[in-house]
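The values are calculated or read from the model by the stated rules, or taken from the named source; none is laboratory data. These numbers were taken from a predicted model, which means no experiment stands behind them. Here Cβ is always computed from backbone atoms with ideal geometry, including for glycine, and neighbour counts include all displayed protein chains.
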Amino acid sequence: MAKRIDVSGLTAYYGNHKAIEDISMTVEPRSVTAFIGPSGCGKSTFLRTLNRMHEVTPGGRVEGKVMLDDENLYGSGVDPVSVRRTVGMVFQRPNPFPTMSIFENVAAGLKLNGSYKKSELESVVERSLKGANLWNEVKDRLNKPGAGLSGGQQQRLCIARAIAVEPDVLLMDEPCSALDPISTLAIEDLIGELKERFTIVIVTHNMQQAARVSDRTAFFNLAGVGQPGKLIEIDETERIFSNPSVQATEDYISGRFG
Amino acid sequence: MSNATITKNETGGAPAGTSSLRQARLPRWVPPVLVVVSAAAGAGIGTAAGLGNTLQWGLIAAALFILGTYGLAAAVEGGRQAKDRLATSLVWVCFVLAVVPLVSLIWETVDRGRTVLDGYFLGHSMEGVQTILPGGGAYHAIIGTLEQVGIATLIAAPIGLLTAIYLVEYGRGRLAKAVTFFVDVMTGIPSIVAGLFILSFWIIILGFSYSGFAGAMALAILMMPVVVRSTEEMLKLVPNELREASLALGVPKWRTILKVVLPTAVGGITTGVMLAVARVAGESAPIVLLVFGAAGINNNPFDGAQSSLPYYIYEQWQLGNEASFDRAWAAALVLIAFVMILNLVARGIARWKAPKTGR
C-alpha cells in the first residue's frame, strides 16, 4: 500500500517565475513528513508537484523527477489522472461538493470514476467515515448535504473522501489552518492513525503541530522576495526541533527570524 | 464643513448635551409623513397651476420630497446626515420612477387584454375570420411561438453552453479572446440583421422556403450570445477549490466539469437560458422576414408559413379596427404571461437546484 517518494532535482515554475528550485528528498512510507517554512517559500507548490496538481494552475510547469517507488510521476506516458488516484490530497479549506450529500461526497471519488454497486459503495463510505473518525457523528444523516457540517467535520469529510479511493500517499496542505483547536486535535489524532496505512505529507505553519504529528520534518526557505524557495534540510523531527544542522532552521524554529 | 457640523450639533439641543456620540435624529415617522405631505403639495400645486398631467404632479411631489428631506435633516441632524438622507431619498424616488412604467404597462395590458382573452381565443386561429368582426383567436400564433422558440432553444442552448464551457474551462490565449470578442459583437446584433442573414443564406442562396424553422434559426443567433454570457458568468462563480478537489480524487477533467462544475452552476445556467428564451420570444422582425405569418394553423415548423405572438400582435394592430385591437391586446397579455411563467419556472429550478447547506 504505502509507497516511498523519492524526489530529485525538482524545479517548479509559474509561467516564467521559478517558485521552487532543485529540491531533492526522500519521503518514507508509513510515516508523517511535515513541511515547515515561511509563507511563499514554496511548501504548498512542492506538495502539489507530488500529485501533479501543480500543472492544473495556468502556467504551472515542473522539471525533475518524482519517483513513487520505482515509477517516475513525470515520466513520459504517465497519466496525471491515475497519479492523482494514487496520491490523494486534502486542501487548506474544507471543500465538500455543495450539491452532494455526505454519502455522495465520500463516494464521489469512486462514483465519478465509474459505476459501483450500491452495497459496495455503502461499505466503502462506512469504512472511510470510520477511518476519518466521523462515522458516529454523521451516520444518522448521511443523506444531508455535506456543506451543513461544521468546519472541522467538513475537513474530516474531505479526508474521508480522499481515503475512500484508497490512495498510497495522502498529501495535506495546511489541513488545520481553518479549524479551531479541538477540531485540530481530532485531525491530528486521525493523522496518527492514518500513518499506519498511508504515507502522509503535511504542510503546516504551526511548528508545535509539526513537532506533535510528524516523524520527519523538512524546512524550506527562500533567499528573498521573488527568489525561488529551497529545501534547507530534512531530518528526524526530534533532531530538527532540538539540534538542527543548519543555523537558519534553528533561527526559524526559535522565532528569531521570519 | 466639519466645524459647521459640530456647532450645529451643540446648538441643536441634543438630549445628552455632554455626549459627543449622541446627536439629534429625526423621528422615524418623519419620512413617511413627508411623502404624504409632498404628495398632497404636488397635487395641490398641480391643480392650482392647472396642470392636466398627473405625471407632472408626481414629479413636483418627488422634487418637494427630496428638497424637504434634505432641508429638514440639515436643520435638525447636521450636514452629514442630510447628505445621507438626500442620497436615500434620491434612490427611493428613482426606484419609484423605474417601477411606475412597468406597473402601468402590466396594468394596461391586463386591463385591455382580458376583454377577449378566454378559452375560445386560446383555442382558435384566424382561419376564415372576418378581421373586422370580433371572434377568432391566437392558437396558431401560440403554436408558432412555442415551436419556433423551442427549436431556437434546442439549437442555441447546447452550442452556447459548450462555448461557455470552452471559454471558462479550456480556453487560453488568442482563440478564447477571439471567441469572447465575437460573442460580445453578437450580443449587439439587431434582430432584423439576424433575420436578413438567414433570409439571404437559407432562403435565397440555399433555396428553402419560408418556415418556422428558418425563423427559429434567426432566433437562435440572437439567443446564443446571451446563453454564452450568462453561462460563462455562472461557471466562473463555481469555486476553483471544487475543481481541484475533484481533480485530486483522480477524476478526469471532463467528468469533473460534467459531474461537479455543471451541477453546482445548473440553477444559474437554467435562469440564463430562460432569460434568453424570454428575450427572443418577443422578437417580431425575423418572423416577418422568415416565417411570413399565416392566419391558419400550421403545426409543421419545417414547412410553410406560420404565425407567432409578436407577429400576430403587429398584424392585428395594423388592421386598425376595434375587434383587432382587442385581439392584439389579448395576444400581448398571452406573450407577457408566457415570459412570466418561464421566469417563474427558471426561478423554481434555480431554487430547487441551488447548493444546499442543510442548516
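Just a few scattered comments:
- Check on B:THR264, away from chain A (no Cβ under 14 Å), closer than 30 Å to B:PHE338 by Cα and not basic (Lys, Arg): no
- When residues of region A:201-225 are limited to those that are among the small types (Gly, Ala, Ser) and in contact (Cβ under 8 Å) with a residue 24 or more places away in the chain, the one nearest to A:PRO29 (Cα to Cα): A:SER214
- Close pairs (6 angstrom Cβ cut-off, 6 or more residues apart or separate chains): in contact (Cβ under 8 Å) with a residue 24 or more places away in the chain in region B:169-184, hydrophobic (A, V, I, L, M, F, W, C) anywhere: B:GLU169/B:ILE257; B:VAL183/B:VAL228
- Being touching a residue at least 60 places away in the same chain (Cβ under 8 Å), among the charged types (D, E, K, R) and within 14 Å of chain A (Cβ to nearest Cβ) is a description that does not apply to B:ARG327.
- Search result, residues across region B:323-359 that are more than 20 Å from B:GLY119 (Cα to Cα), charged (D, E, K, R) and in a helix (DSSP H, G or I): B:ARG347, B:ARG351, B:LYS353
- Filtered residues of region A:101-138 (kept if more than 13 Å from every other protein chain (Cβ to nearest Cβ) and exposed (fewer than 13 other Cβ atoms within 10 Å of the Cβ)): A:LYS117, A:LYS118, A:SER119, A:GLU120, A:SER123, A:ASN136
- Matching residues, region A:41-67, being surrounded by 16 or more Cβ atoms within 10 Å (Cβ to Cβ) and more than 14 Å from every other protein chain (Cβ to nearest Cβ): A:CYS41, A:GLY42, A:LYS43, A:PHE46, A:VAL62, A:GLY64, A:VAL66, A:MET67
- Filtered residues of region A:179-210 (kept if aliphatic (A, V, I, L, M) and either part of a strand (DSSP E or B) or crowded, with 17+ Cβ neighbours inside 10 Å (or both)): A:LEU179, A:ALA186, A:ILE187, A:LEU190, A:ILE191, A:LEU194, A:ILE200, A:VAL201, A:ILE202, A:VAL203, A:MET207, A:ALA210
- In the set (1) under 29 Å from the mean Cα position of the chain (by Cα); (2) within 14 Å of chain A (Cβ to nearest Cβ); (3) outside any helix (DSSP H, G or I), the condition left unmet by B:ILE269 is number (3).
- Condition met for B:TYR210 (surrounded by fewer than 21 Cβ atoms within 10 Å (Cβ to Cβ) and of a type in the set (Ser, Thr, Tyr)): yes
- Candidates are the residues of region A:139-172 that are more than 10 Å from chain B (Cβ to nearest Cβ) and among the basic types (Lys, Arg); the one that is surrounded by the most Cβ atoms within 10 Å (Cβ to Cβ) is A:ARG156.
- From the list B:THR153, B:THR231, B:THR163, B:THR256, the lone residue that is of a type in the set (Ser, Thr, Tyr) and within 14 Å of chain A (Cβ to nearest Cβ) is B:THR256.
- In the set (1) in contact with an Asp or Glu (Cβ under 9 Å, 6 or more places away or on another chain); (2) buried (at least 21 other Cβ atoms within 10 Å of the Cβ), B:VAL277 fails one condition alone, (1).
- Filter result for B:VAL193 (assigned by TED's automatic domain parsing to the domain that holds B:GLY267 and more than 29 Å from B:ALA350 (Cβ to Cβ)): yes
- Sole residue being out of contact with any strand residue (DSSP E or B) (no Cβ under 9 Å at 6 or more places or on another chain), modelled with pLDDT of 90 or more and part of a helix (DSSP H, G or I), chosen from B:ALA4, B:ALA48, B:ALA98, B:ALA43: B:ALA98
- Residue, surrounded by the most Cβ atoms within 10 Å (Cβ to Cβ), within region B:180-196, restricted to residues that are within 15 Å of B:ARG229 (Cα to Cα) and in contact with a helix residue (DSSP H, G or I) (Cβ under 6 Å, 6 or more places away or on another chain): B:VAL183
- Pair list, Cβ < 6 Å and 6+ apart or interchain, from region A:74-96 residues that are within 7 Å of chain B (Cβ to nearest Cβ) to residues that are assigned to a helix (DSSP H, G or I) and of a type in the set (Gly, Ala, Ser): A:ARG84/B:ALA248; A:GLY88/A:ALA162; A:MET89/B:ALA248; A:ASN95/B:ALA245
- Of the residues screened, B:ALA176 is not one that is assigned by TED's automatic domain parsing to the domain that holds B:ILE269, at pLDDT 90 or above and within 20 Å of B:PRO310 (Cβ to Cβ).
- Residue within region B:283-306 that is out of contact with any strand residue (DSSP E or B) (no Cβ under 9 Å at 6 or more places or on another chain) and closer than 27 Å to B:LEU162 by Cβ present: yes
- Filter pass, B:GLY320 being in contact with a helix residue (DSSP H, G or I) (Cβ under 9 Å, 6 or more places away or on another chain) and small (Gly, Ala, Ser): no
- For first residues located in region B:63-82 and assigned by TED's automatic domain parsing to the domain that holds B:ARG25 and crowded, with 18+ Cβ neighbours inside 10 Å, partners that are modelled with pLDDT under 85 and assigned to a helix (DSSP H, G or I) and lie 6+ apart or on another chain with Cβ distances below 7 Å form the pairs B:GLY78/B:THR5; B:GLY78/B:LYS8; B:GLY78/B:ASN9.
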